[in-house]
1. For the range 108-137, how many residues are assigned to a loop (DSSP other than H, G, I, E, B) and touching a residue at least 24 places away in the same chain (Cβ under 8 Å)?
2. Given (1) at pLDDT 95 or above; (2) farther than 16 Å from VAL13 by Cβ; (3) polar (S, T, N, Q), identify the lone condition not met by SER81.
3. Identify, please: which residue in the range 1-15 is among the hydrophobic types (A, V, I, L, M, F, W, C), touching a residue at least 40 places away in the same chain (Cβ under 8 Å) and in a helix (DSSP H, G or I) and is, among those, nearest to ALA132 (Cα to Cα)?
4. Name the residue that is modelled with the lowest pLDDT, counting only residues in the range 106-140 that are among the basic types (Lys, Arg) and buried (at least 16 other Cβ atoms within 10 Å of the Cβ).
5. Any residue at all in the range 34-47 that is at pLDDT 95 or above and not in a helix (DSSP H, G or I)?
6. Of the conditions (1) surrounded by fewer than 15 Cβ atoms within 10 Å (Cβ to Cβ); (2) in a helix (DSSP H, G or I), SER81 satisfies every one except a single condition; which number is it?
7. Please tell me if ALA32 is touching a residue at least 60 places away in the same chain (Cβ under 8 Å) and in contact with a Phe, Trp or Tyr (Cβ under 9 Å, 6 or more places away or on another chain).
8. In this structure, is LEU52 out of contact with any strand residue (DSSP E or B) (no Cβ under 8 Å at 6 or more places or on another chain), more than 30 Å from MET1 (Cβ to Cβ), assigned to a helix (DSSP H, G or I) and in contact (Cβ under 8 Å) with a residue 40 or more places away in the chain?
Amino acid sequence: MKEIHSYWAYLVVLFLAFAVINALLALQKKRAFTDKDLRIGLFTLIVSHIQLLIGLGWYFMSPWYKAMKADSTAVMGNSESRLLALEHPLMMIIAIVLITIGWSKHKKKTTDTAKFKTFAIFYGIAFLLILARIPWNQWFK
């Protein structure tokens, strides 16, 4: 399960980066919002939600969850354990909530610029949060 979660994370990062760059370039060029842009946002939403489900499944089977249940004080005292047991899961959930909000809000916008701006802001913040809390030292092992 951990390997699936790690490999799927590459997809999430790639799709999210592509969605944010697409939105920023479209804003800069004042491009019309097309079906392609809609699909980029939708596939990013879907890939991130699948990652959330895989991540939650892995989290409740992980040694960090068991450690948190057994002795949360010890886990909180160690920065690496705290990252894996609390900071990473919490930040990823917040990021996926932002992606979901961005998707919902873009549907209510009537102008192309507003749609792209919504994607750029919400997906962009989610992208930064994800990059900030990926356990990089374990990801590239």
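1. Within the range 108-137, the subset assigned to a loop (DSSP other than H, G, I, E, B) is 109-111, 134-135.
Next cut, touching a residue at least 24 places away in the same chain (Cβ under 8 Å) only: 134-135.
Result for the range 108-137: 2.
2. (1)
3. First, the residues of the range 1-15 that are among the hydrophobic types (A, V, I, L, M, F, W, C): 1, 4, 8-9, 11-15.
Those left that are additionally touching a residue at least 40 places away in the same chain (Cβ under 8 Å): 1, 4, 8-9, 11-13.
Next, only the ones that are in a helix (DSSP H, G or I) stay: 4, 8-9, 11-13.
Details: ILE4: 21, TRP8: 17, ALA9: 14, LEU11: 17, VAL12: 14, VAL13: 12 Å.
Restricting to residues being among the hydrophobic types (A, V, I, L, M, F, W, C), touching a residue at least 40 places away in the same chain (Cβ under 8 Å) and in a helix (DSSP H, G or I), the top hit is VAL13.
4. Narrowing the range 106-140 to residues among the basic types (Lys, Arg): 107-109, 115, 117, 133.
Narrowing the set further to residues that are buried (at least 16 other Cβ atoms within 10 Å of the Cβ) leaves 115, 117, 133.
On the way: LYS115: 96, LYS117: 97, ARG133: 88.
Looking at the filtered set, the residue picked out is ARG133.
5. If we filter the range 34-47 for residues that are at pLDDT 95 or above, which is where we start, we get 34-47.
This time we only want the ones that are not in a helix (DSSP H, G or I), so: 34.
Scanning the range 34-47, I find at least one residue that is at pLDDT 95 or above and not in a helix (DSSP H, G or I), so the answer is yes.
6. Only one criterion in (1) surrounded by fewer than 15 Cβ atoms within 10 Å (Cβ to Cβ); (2) in a helix (DSSP H, G or I) is unmet by SER81, namely (1).
7. Working: touching a residue at least 60 places away in the same chain (Cβ under 8 Å): yes; in contact with a Phe, Trp or Tyr (Cβ under 9 Å, 6 or more places away or on another chain): no.
The answer is no for ALA32.
8. Details: out of contact with any strand residue (DSSP E or B) (no Cβ under 8 Å at 6 or more places or on another chain): yes; more than 30 Å from MET1 (Cβ to Cβ): no; assigned to a helix (DSSP H, G or I): yes; in contact (Cβ under 8 Å) with a residue 40 or more places away in the chain: yes.
No: the conditions fail for LEU52.
The values are calculated or read from the model by the stated rules, or taken from the named source; none is laboratory data. In this text, all values refer to a predicted model and were calculated from it rather than measured experimentally. All Cβ positions, even for glycine, are placed from backbone atoms using ideal geometry, and neighbour counts span all protein chains on display.
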